[in-house]
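The values are calculated or read from the model by the stated rules, or taken from the named source; none is laboratory data. Keep in mind it's a predicted model, so treat the numbers as computed, not measured. Here the Cβ positions follow ideal geometry from the backbone for every residue, glycine too, while neighbour counts run over all protein chains shown. SASA here: full protein model, heavy atoms, side chains in, ligands and nucleic acids out. Shrake-Rupley method; radii C 1.70, N 1.55, O 1.52, S 1.80 Å.
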Amino acid sequence: MIGRFVRLDPLVPAMAPGLHAANAEDAAGRMWDFLPYGPFRDDDAYAAWVAEVAARDDPLFFQVTDLDTGMPGGVLSLLRIDPGAGSIEVGHIAFAPRLQRTRAATEAVWLVMAGAFAAGYRRFEWKCNALNIPSRRAALRFGLSFEGVFRNHLVVKGRNRDTAWYAAIDSEAPALQAAYSAWLDPANFDPAGRQRESLAVLTDPILVARG
């Protein structure tokens with residue numbers, strides 16, 4: 001999947017060294033706080049994890065590459081893929097500091113969402129730890145409506161996880177397409193790269209619930 005700012009390629013083991021180097025920019029390991037794995041102690045540990053998940057079809061992992069720099073910036077995946085129900089989820093989002101809060105990061109999420117709707121899926125889900133406030137804000141910004149919290153849903157790294165659920169559905173896809181097209185338009189950014197209109201403002205009318 002190729003966009004204006006980013007490219008998504010199926011994850012393969014050979015990508016591990018570049019991704020691990022990008023992840024190492026997060027010296028405090030904060031990007032792993034709400035994920036069920038990581039941080040990884042060394043190159044070999046991360047390479048073993050990549051080899052394991054790259055062999056799976058669900059979750060289906062992708063490397064995210066910034067087209068401006070040509071450098072890998074992280075991974076995301078499609079999971080809980082249910083063609084019969086027309087439901088699919090984005091998750092396992094692990095973006096290194098170089099990719100966080102960039103146009104490329106936003107476009108990466110949009111590419112998998114748009115691809116899911118184009119493939120005929122009716123429902124595109126986002127789930128996160130209810131304590132992960134940045135992730136919850138991101139889901140709303142991306143145009144995914146709040147659907148509630150599942151209490152005591154999981155145990156992750158030995159801690160309880162209440163899970164917040166968000167989703168967009170196929171009838172909202174045209175409005176989402178218009179919002180992302182407007183936001184990603186180069187004219188929406190000044191010469192310093194600052195946005196003129198935020199994606200949150202563009203997607204807010206699409207949301208049926210916030211939380």
Query raised in the report: Which pairs do you get when a residue that is at pLDDT 95 or above, found in the range 1-22, comes within reach of a residue that is outside any loop (DSSP other than H, G, I, E, B) and open to solvent by 80 Å² or more (accessible area, probe 1.4 Å), reach meaning Cβ atoms under 8 angstrom, with the pair 6+ apart or on two chains?
Result: Leu8/Ile2; Ala16/Asp43; Pro17/Asp43; Gly18/Met71; His20/Asp43; Ala22/Met71
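Taking Ala108, is it small (Gly, Ala, Ser), touching a strand residue (DSSP E or B) at 6+ places or on another chain (Cβ under 7 Å), free of Cβ contacts under 8 Å to residues at least 40 places away in the same chain and in a helix (DSSP H, G or I)?
Values: small (Gly, Ala, Ser): yes; touching a strand residue (DSSP E or B) at 6+ places or on another chain (Cβ under 7 Å): yes; free of Cβ contacts under 8 Å to residues at least 40 places away in the same chain: no; in a helix (DSSP H, G or I): yes.
Considered against the rule, which asks whether it is small (Gly, Ala, Ser), touching a strand residue (DSSP E or B) at 6+ places or on another chain (Cβ under 7 Å), free of Cβ contacts under 8 Å to residues at least 40 places away in the same chain and in a helix (DSSP H, G or I), Ala108 comes out as no.
Could you go through the range 42-51 and let me know if any residue there is assigned to a loop (DSSP other than H, G, I, E, B) and either at pLDDT below 95 or farther than 15 Å from Val112 by Cα (or both).
Residues of the range 42-51 assigned to a loop (DSSP other than H, G, I, E, B): 42.
Subsequent filtering for residues that are either at pLDDT below 95 or farther than 15 Å from Val112 by Cα (or both) retains 42.
Yes, because at least one residue in the range 42-51 is assigned to a loop (DSSP other than H, G, I, E, B) and either at pLDDT below 95 or farther than 15 Å from Val112 by Cα (or both).
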Report task. Select from the range 170-195 the residues that are in contact with a strand residue (DSSP E or B) (Cβ under 9 Å, 6 or more places away or on another chain) and assigned to a helix (DSSP H, G or I) and write down the one among them that is most open to solvent (accessible area, probe 1.4 Å). Result -> Asp170
Query raised in the report: From the residues in the range 1-24 that are under 26 Å from Trp183 (Cβ atoms) and outside any strand (DSSP E or B), which one is least open to solvent (accessible area, probe 1.4 Å)?
Result: Ala22
Query raised in the report: Could you say whether any residue in the range 97-113 is farther than 15 Å from Val6 by Cα, out of contact with any Gly (no Cβ under 6 Å at 6 or more places or on another chain) and either modelled with pLDDT under 95 or among the small types (Gly, Ala, Ser) (or both)?
Result: no
Report task. Determine which single condition Pro36 fails, assuming it passes every other condition in (1) open to solvent by 60 Å² or more (accessible area, probe 1.4 Å); (2) under 18 Å from Pro97 (Cα atoms). Result -> (2)
